[in-house]
Amino acid sequence: MTQELFDFTKPGYYGQYGGAFVPEILRATLDELIAAFDAARADDQFWGAYVRELQTYSCRPTPVTPLPNLTKKLGGATICCKREDLNHTGAHKVNNVIGQGLLAKRMNKTRVIAETGAGQHGVATATMAARFGFECTIYMGAVDVRRQRPNVFWMEQLGATVVPIEDGSATLKDAINACLRDWSESMDSTHYVLGTACGPHPFPHMVSYFQSIIGQEARGQMLTQSGRLPDRVYACVGGGSNALGMFVPFIKNPEVELVGVEAGGHGIESGRHAARIPAHDIGVAQGYKTLFLQDDEGQMRETHSVAAGLDYIGVSPILAHLADTGRVRFTAARDDEAIAAAKLLIATEGIIPALESSHAFAGAIREAPSMRPDEIVLINLSGRGDKDIFTIADAIGDERWFSYLREMGARR
Amino acid sequence: MNLADYIRERRARRGILLMTHAVVGYPSLEANRRMLDAMISADVDLVELQLPFSEPVADGPLFVKANLDALAGGASHGQYWNLFSETAARAPFPVLAMCYYNSAFRMGHAAFCERLRGSGGRGFIIPDLPREEYGDLEALSAENGLAAIQFFTPTSTDERMMRLAQGARGFVYCVARRGVTGSATELDRGLYDLLARYRRMTDLPLALGFGIASADDIRRLRGVVDIAIVGSALLRSWERGGEDAYRAHLTEMAQARYS
């Protein structure tokens, strides 16, 4: 394991992005976390314990699956994908959560809090809390609570308290603010399990560190299965944790092109999207400096994506920096392209992708036909799509599903 | 006279000073003017005017609502600076800007300092900007004669406070407890010990904020800190009983500085 993923210009900074912009009350807490994270990385046993927990609890290593039917259908590059959808709780989120849970144990914390948008990170955190014996509070925008009831149900069954947040847009960013406020008061007993590679230092570094298990495995699997590294790697980008987890172990191989796919929503020109990279508006919010979707006076804008996990105002400072240096190329996929990509993957390969991950597929599907068959494309399938049954059924307009919902509703 | 000297000079005549607060645009600009009228009548000693921001992480529920409702009502930087300069021109007390860092960052440090000075401001409070992230803002604020207010908190180490004190001007904003603005604080022995610790770290005046709500609180803090900061408690009075309740509450707290 490469212990140091990044060359810091100054601590916690990636080029001009990153830092820690938090109220002074949280400074000591972040210092405590930095010290614990540094000590864990320096401990030979820690990474091994982390990997063992994921191997025995969460199906790691997840496979790299060749996609011959999709390859044939598109008629270009040879396509395969990394199966983060096979993780316990159905997405890559569990990697980071288990890692931070082990860290929270080392810090003798008794309670964890987390924000969640779609609910995946909330469910993963509640699962970890149940297993490790932490008290758990999940903050979730009230809008998201209403549209993600199944996840709320499971979090509560797992013993977590789910707090709906009515402030602002009542979505993910507001849940993050609520976590920072809780933490300002509860830090003595509580660890904040931030779910993505955003927020104040050390979170971007720490989340990328835990998620880098994805790319480390994928690298070895590609060498074994294909005899070489892939030519292009695609990942969807919300906050950026699955993308960084996949990309970081390939960063020092310039022959591997890294492609981040943001949420194009209804199209960039519509203004209803969550693509932070193209406008290149630097700002500071939620504890860190990065590219935000904001207006001229620095107020955060409403974002939109069919995939709740991509529907966020900011992007990892590490990815903002890698966009500036050109090491990661960014593109965006619209809602309709993501849904079409999901349908194609389901039909050709029998794999149901999350709508978030479908954006990575949409990006690859657009470009793969113009590549040669001897070129290899690796896509990070960051999560499974069962959670999206309501959204996908809605988009497809499946009448029998609607009548089933009506019947279930009528029974109560 | 610099801000610290103004405070010391006034403090020599009063047991404690009072700093009040308003979120510009909440509940309305007109309401802000009436609050400011009340502050002038009550002869408060300092006032901070908050520029609304969409992600107010250091604020509790009441101020979060105030920030977001102000923005929903169309609050803009233009309106903020207009009310700021109008207030600085008519009020006898020094006026400080309180904002989140993105507002100053998006304006640019130089433009922010020039605008603040040009509007008659005496300093600024930015709760999400730690000193090590100031960059040239420290030098620019000094050049513009603006006091950059630093924070001491219950979790700050002595070493940390000494470092913050080096960059502090005007006074130090002392946080009474963990958490965010707007909920109660016990004014007990633990708090007095904390204040004694803060006192050892700087010669600047100390202002205590977070949870100061009543005239009794002010009386108990007399001689213990230099400035009592009251925000949420007054806004709560406005929400409950409008201008009359606000004036009554403010007058009572202002009088508690002496009796």
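The values are calculated or read from the model by the stated rules, or taken from the named source; none is laboratory data. Treat the numbers as computed from the prediction; the structure is a model and nothing was measured. Note: ideal-geometry Cβ built from the backbone for every residue, glycine included; neighbour counts use all protein chains shown.
Observations on the model:
- Residue satisfying condition, being touching an Asp or Glu at 6+ places or on another chain (Cβ under 9 Å), within 30 Å of A:SER226 (Cα to Cα) and aliphatic (A, V, I, L, M), within set A:ALA360, A:ALA364, A:ALA368, A:ALA395: A:ALA368
- Residues satisfying the stated conditions in the stretch A:12-28, i.e. more than 15 Å from B:GLU132 (Cβ to Cβ) and at the interface with chain B (Cβ under 7 Å from one of its Cβ atoms): A:ILE25
- Within the stretch B:202-223, being surrounded by fewer than 19 Cβ atoms within 10 Å (Cβ to Cβ), closer than 25 Å to B:ALA168 by Cα and touching a residue at least 40 places away in the same chain (Cβ under 8 Å) holds for B:ARG222, B:GLY223.
- A count restricted to the stretch A:280-309 and to residues that are part of a loop (DSSP other than H, G, I, E, B) and away from chain B (no Cβ under 14 Å) stands at 4.
- Hey, A:ILE318 under 17 Å from A:SER241 (Cα atoms), in a helix (DSSP H, G or I) and within 18 Å of the chain's Cα centre (by Cα) or not: yes
- Flag for A:THR224 being among the hydroxyl-bearing types (Ser, Thr, Tyr), surrounded by fewer than 20 Cβ atoms within 10 Å (Cβ to Cβ) and more than 14 Å from chain B (Cβ to nearest Cβ): yes
- Of the residues making up the stretch B:80-136, those that are under 17 Å from the mean Cα position of the chain (by Cα) and among the acidic types (Asp, Glu) number 1.
- Qualifying residues in the stretch B:122-178 (those that are away from every other protein chain (no Cβ under 14 Å) and assigned to a strand (DSSP E or B)) - the one nearest to B:ASN2 (Cα to Cα): B:ALA147
- Every pair of residues 6+ apart whose Cβ atoms lie under 8 Å, when the first sits in the stretch A:329-350 and is assigned by TED's automatic domain parsing to the domain that holds A:ARG366 and at positive phi while the second is in a strand (DSSP E or B) and not hydroxyl-bearing (Ser, Thr, Tyr): none
- Filter pass, A:PHE203 being modelled with pLDDT of 95 or more, more than 14 Å from chain B (Cβ to nearest Cβ), under 20 Å from A:PHE292 (Cβ atoms) and within 19 Å of the chain's Cα centre (by Cα): yes
- Residue check, A:VAL248 touching a residue at least 60 places away in the same chain (Cβ under 8 Å), more than 30 Å from A:ARG27 (Cβ to Cβ) and outside any loop (DSSP other than H, G, I, E, B): no
So that you can scan it fast, the table gives a plain yes or no per residue for (1) touching a residue at least 12 places away in the same chain (Cβ under 8 Å); (2) among the charged types (D, E, K, R); (3) touching a helix residue (DSSP H, G or I) at 6+ places or on another chain (Cβ under 6 Å):
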residue	(1), (2), (3)
B:SER103	yes, no, no
B:TYR134	yes, no, no
B:LEU137	yes, no, yes
B:ASP158	yes, yes, no
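- The residue that is surrounded by the fewest Cβ atoms within 10 Å (Cβ to Cβ), counting only those in the stretch B:179-192 that are within 14 Å of chain A (Cβ to nearest Cβ) and of a type in the set (A, V, I, L, M), is B:ALA184.
- Flag for A:PHE203 being of a type outside the set (D, E, K, R) and either surrounded by fewer than 24 Cβ atoms within 10 Å (Cβ to Cβ) or farther than 20 Å from A:GLU32 by Cβ (or both): no
- Filter result (within 14 Å of another protein chain (Cβ to nearest Cβ) and out of contact with any Leu (no Cβ under 6 Å at 6 or more places or on another chain)) within the stretch B:83-113: B:MET98, B:TYR100, B:ASN102, B:ALA104, B:PHE105, B:ARG106, B:MET107, B:GLY108, B:ALA111, B:PHE112
- Test: residue in the stretch A:194-203 that is among the β-branched types (Val, Ile, Thr), touching a helix residue (DSSP H, G or I) at 6+ places or on another chain (Cβ under 8 Å) and either within 28 Å of A:LEU319 (Cα to Cα) or not in a helix (DSSP H, G or I) (or both): yes
- All positions within the stretch A:33-61 that are more than 27 Å from A:PRO202 (Cα to Cα) and in a loop (DSSP other than H, G, I, E, B): A:CYS59
- The criterion of being of a type in the set (D, E, K, R) and under 27 Å from A:ALA124 (Cα atoms) does not hold for A:ASP374.
- Identity of the residue in the stretch A:175-200, buried (at least 21 other Cβ atoms within 10 Å of the Cβ), within 13 Å of another protein chain (Cβ to nearest Cβ) and polar (S, T, N, Q), that ends up nearest to B:ALA66 (Cα to Cα): A:ASN177
- Of the criteria (1) under 17 Å from the mean Cα position of the chain (by Cα); (2) buried (at least 24 other Cβ atoms within 10 Å of the Cβ), which one A:HIS304 fails: (2)
- Filter result for A:TYR312 (under 19 Å from B:ARG106 (Cβ atoms), within 14 Å of chain B (Cβ to nearest Cβ) and among the aromatic types (Phe, Trp, Tyr)): no
- For the stretch B:224-249, a tally of residues being buried (at least 23 other Cβ atoms within 10 Å of the Cβ) and out of contact with any Phe, Trp or Tyr (no Cβ under 9 Å at 6 or more places or on another chain) returns 2.
- Cβ separations smaller than 6 Å between residues 6+ apart or across chains give the following pairs from the stretch A:161-190 residues that are at pLDDT below 95 to residues that are of a type in the set (Lys, Arg): A:GLU185/B:ARG178.
- Evaluation of A:GLU257 against (1) closer than 23 Å to A:ARG83 by Cβ; (2) out of contact with any Lys or Arg (no Cβ under 7 Å at 6 or more places or on another chain) (one fails), failing number: (2)
- Restricted to the stretch B:81-106, and to residues there that are outside any helix (DSSP H, G or I) and among the small types (Gly, Ala, Ser), the residue that is farthest from B:TYR173 (Cα to Cα) is B:ALA91.
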